[in-house]
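The values are calculated or read from the model by the stated rules, or taken from the named source; none is laboratory data. Here the structure is a predicted model, which is why all the values come from computation and not from measurement. All Cβ positions, glycine included, derive from the backbone under ideal geometry; neighbour counts span all protein chains shown. For accessibility, only protein heavy atoms count, side chains too; no ligands or nucleic acids. Shrake-Rupley method; radii C 1.70, N 1.55, O 1.52, S 1.80 Å.
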Amino acid sequence: MPRFAANLTMMFNEVPFLDRFEAAAKAGFKGVEILFPYEYAIDEIAARLKANGLQLVLFNTPPGDWNKGERGLAALPGREAEFEAALRQALKYAEALGCPRVHVMAGLVHHGASRASYIANLKKAATIARDHGVELLIEPINTRDIPGFFLNRTSEARAVIYEVGEPNLKLQFDIYHRQVMEGDVATAIREYAPLTRHYQLANPPDRGEPDEGELNYAWLFRLIDETGFDGWIGCEYRPRRGTIEGLKWAERCGVCLG
């Protein structure tokens, strides 16, 4: 059965961020993921994880200047030094917090993102991350949620992973983004299972809980099980009616959160 991680950036917003660890644990989660943990000291996060028996399973590299619309640095020419600094900051957090995987954000086409820069930066990043025992992930993101994001299609991510050729660069498969951008989710889950190290979920069209919307998640969870996946599925959705009430989806889908 899949293991589910609460996304503490998008869930449990009823309480301050550092209190969300306890809220997630009380709701039954054993794992958590965060978009960007860098606003908080490593010791603060570590204490909350330990106190609540939680594992941090994923977070993103720093995206650049978010307020100026930046959504990653890995594919941006001329920003190599900034990207490496951002990567090393992420690896410092990952190593100290026992987080096995980090999502490397690519950046935007209209900010000059290029494939050559993306490949070169990922090759170097994977080598650096390997020395820290961390696996790097890349994620196709739909152009409705992030217009102009450089990596949009699962086949493109696979091509990049193969070209980089490093064993610790793998796929982050966001089911919501795949459905919005390409559809054919079930076939893609089977096809990309060998490369997938982390899933994320939400239900289109509104990115809400996985019990209302276009996708039959109870069936998709069984399919993911059939592929032999033993990692985590991140609950990266926007609760429609409040986080706790929205968690009824787990029972309806026949799964446990922990």
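A few notes on this one:
- Tally, over the range 99-123, of residues that are open to solvent by 50 Å² or more (accessible area, probe 1.4 Å) and not in a helix (DSSP H, G or I): 1
- Selection of the range 219-232 for residues being touching a Lys or Arg at 6+ places or on another chain (Cβ under 7 Å) and either under 21 Å from Glu14 (Cβ atoms) or of a type outside the set (S, T, N, Q) (or both) yields Gly231, Trp232.
- Residues in the range 144-190 that are among the acidic types (Asp, Glu) and assigned to a helix (DSSP H, G or I): Glu156, Glu163.
- Subset tally (residues that are under 20 Å from Val109 (Cα atoms), in contact (Cβ under 8 Å) with a residue 24 or more places away in the chain and either in contact with a Cys (Cβ under 9 Å, 6 or more places away or on another chain) or among the charged types (D, E, K, R) (or both)) for the range 59-78: 2
- For the range 136-172, a residue qualifies if it is open to solvent by 30 Å² or more (accessible area, probe 1.4 Å) and charged (D, E, K, R), and the qualifying residues are Arg144, Asp145, Arg153, Glu156, Arg158, Glu163, Glu166, Lys170.
- Failed condition for His198, given (1) within 25 Å of Arg252 (Cβ to Cβ); (2) touching a helix residue (DSSP H, G or I) at 6+ places or on another chain (Cβ under 9 Å): (2)
- You will find that of Phe36, Phe29, the residue that is under 23 Å from Phe83 (Cβ atoms) and touching a residue at least 12 places away in the same chain (Cβ under 8 Å) is Phe36 and no other.
- Candidate set: the range 39-58, residues that are assigned to a helix (DSSP H, G or I) and without any contact (Cβ under 8 Å) to a residue 24 or more places away in the chain; chosen: the one surrounded by the most Cβ atoms within 10 Å (Cβ to Cβ): Ala47
- Enumeration of residues in the range 62-95 that are open to solvent by less than 10 Å² (accessible area, probe 1.4 Å) and touching a strand residue (DSSP E or B) at 6+ places or on another chain (Cβ under 6 Å): Gly72, Ala74, Ala75, Ala90, Ala94
- Within the range 191-226, the set of residues being open to solvent by 10 Å² or more (accessible area, probe 1.4 Å), touching a strand residue (DSSP E or B) at 6+ places or on another chain (Cβ under 8 Å) and in a loop (DSSP other than H, G, I, E, B) comprises Leu195, Asp211, Glu212, Gly213, Glu214, Leu215.
- Close Cβ contacts (under 8 Å, 6 or more residues apart or on different chains) running from residues in the range 150-163 that are over 14 Å from Pro194 (Cβ atoms) to residues that are open to solvent by 40 Å² or more (accessible area, probe 1.4 Å) and of a type in the set (A, V, I, L, M) comprise Phe150/Val109; Asn152/Met181; Arg153/Met181.
- Within the range 227-237, considering residues that are part of a loop (DSSP other than H, G, I, E, B) and farther than 11 Å from Ile189 by Cα, the one most open to solvent (accessible area, probe 1.4 Å): Asp230
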